[in-house]
Amino acid sequence: MIIASISYKGGVGKTTIAQNLAVCFAHSGYKVCIIDSDTSQNSMSWLGRRNEDLPKIPVYGITEPKAITQNINALYKDYEIIIIDSPPALSKIATKIILAAHLVIIPITPTGGSDIWTTEQLLEHYENLREQKGEDILAAFVINRFRPNVKMHQAYLEILEEYTEEYGISVLDSKLHDRSAFGESNLQGIGVYEYSNKSAKEEVIKLTNEILALAE
Ligand SMILES: Nc1ncnc2c1ncn2[C@@H]1O[C@H](COP(=O)(O)OP(=O)(O)OP(=O)(O)O)[C@@H](O)[C@H]1O
Ligand SMILES: [Mg+2]
């Protein structure tokens, strides 16, 4: 399965979700790798901090749009699951990533402001690509940094429901809450599955299982 973690918005959790899914899949025995297609190379540097004793998650830095499709196809011969950590931009490489993916995961951080507009740009582009491809491209929203007691975060759930109706993209039941464990584990080159915060670990396991069920 090829999973793209993508948004045109910066800082919404694309990298966090890519790494944490990869860690969960690796612990479940899948042969998994990450493609880091962002020139800031956050997943590449995460791998540099990762202890060698932990389950192996190779990270390939591929930022050249011309090379990405061919590289994904070549790597897919060796890995059961490829997770693509995407750059925060409406770019050529983003288009190729969406076209190559079996599942497009769109993290949504319900912080308001320009987020909604940027998300709509991605959704319009996604719809065009679906037409271009001539087949459906499975996509789902994941709510990240959720804080249930913040009114606006609840309001986002309603906005996303509208997107579901308009674009046919579902919102996954499993949310990632706003937890320092995500940043702390990233600093150590691990995922929250390998960290001491039980609640964070439980929510990424739930997310991973939901994604596996969706892909079946
Ligand atoms: N659920 C969460 N709870 C707390 N902090 C989080 C959570 N998800 C992400 N973060 C933090 O938010 C910041 C941005 O996350 P991340 O790097 O995953 O986003 P991104 O979409 O990949 O950003 P960029 O567009 O810069 O690549 C990081 O410092 C990360 O540790
Ligand atoms: Mg990133």
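Within the range 104-120, residues that are among the polar types (S, T, N, Q) sit with their Cβ atoms under 6 Å from residues that are surrounded by 20 or more Cβ atoms within 10 Å (Cβ to Cβ), at 6+ positions apart or across chains, in these pairs: 109/12; 109/144; 109/145; 118/8; 118/9. On the stretch given as the range 139-183, residues that are hydroxyl-bearing (Ser, Thr, Tyr), open to solvent by less than 20 Å² (accessible area, probe 1.4 Å) and within 16 Å of ligand 1 (Cβ to nearest atom) total 2. With respect to residue 61, determine if the residue is more than 12 Å from ligand 2 (Cβ to nearest atom) and either under 24 Å from residue 140 (Cα atoms) or surrounded by fewer than 21 Cβ atoms within 10 Å (Cβ to Cβ) (or both). Yes: the conditions hold for residue 61. Within the range 70-91, residues that are touching a residue at least 24 places away in the same chain (Cβ under 8 Å) have Cβ atoms under 7 Å from residues that are open to solvent by 90 Å² or more (accessible area, probe 1.4 Å) and of a type in the set (Lys, Arg) in these pairs: 79/31; 80/31, counting only partners at least 6 apart in sequence or on another chain. Output yes when any residue across the range 42-50 is under 26 Å from residue 194 (Cβ atoms), open to solvent by less than 30 Å² (accessible area, probe 1.4 Å) and more than 16 Å from ligand 2 (Cβ to nearest atom), and no when none is. Yes: the range 42-50 contains one or more residues that are under 26 Å from residue 194 (Cβ atoms), open to solvent by less than 30 Å² (accessible area, probe 1.4 Å) and more than 16 Å from ligand 2 (Cβ to nearest atom). Restricting the search to strands (runs of 3 or more DSSP E) fully inside the range 1-88 and requiring at least 3 residues that are aliphatic (A, V, I, L, M) gives 2-5, 32-36, 81-85.
Against the test of being without any contact (Cβ under 8 Å) to a residue 40 or more places away in the chain and either β-branched (Val, Ile, Thr) or touching a helix residue (DSSP H, G or I) at 6+ places or on another chain (Cβ under 7 Å) (or both), the options 141, 182 yield a single qualifying residue, 141.
The values are calculated or read from the model by the stated rules, or taken from the named source; none is laboratory data. Values in this document were obtained by computation on a predicted structure and should not be read as measured data. We place every Cβ from the backbone using ideal geometry, glycine too, and count neighbours over all the protein chains shown. Heads up: the accessible areas ignore ligands, DNA and RNA and are worked out on the full protein's heavy atoms, side chains in. Shrake-Rupley method; radii C 1.70, N 1.55, O 1.52, S 1.80 Å.
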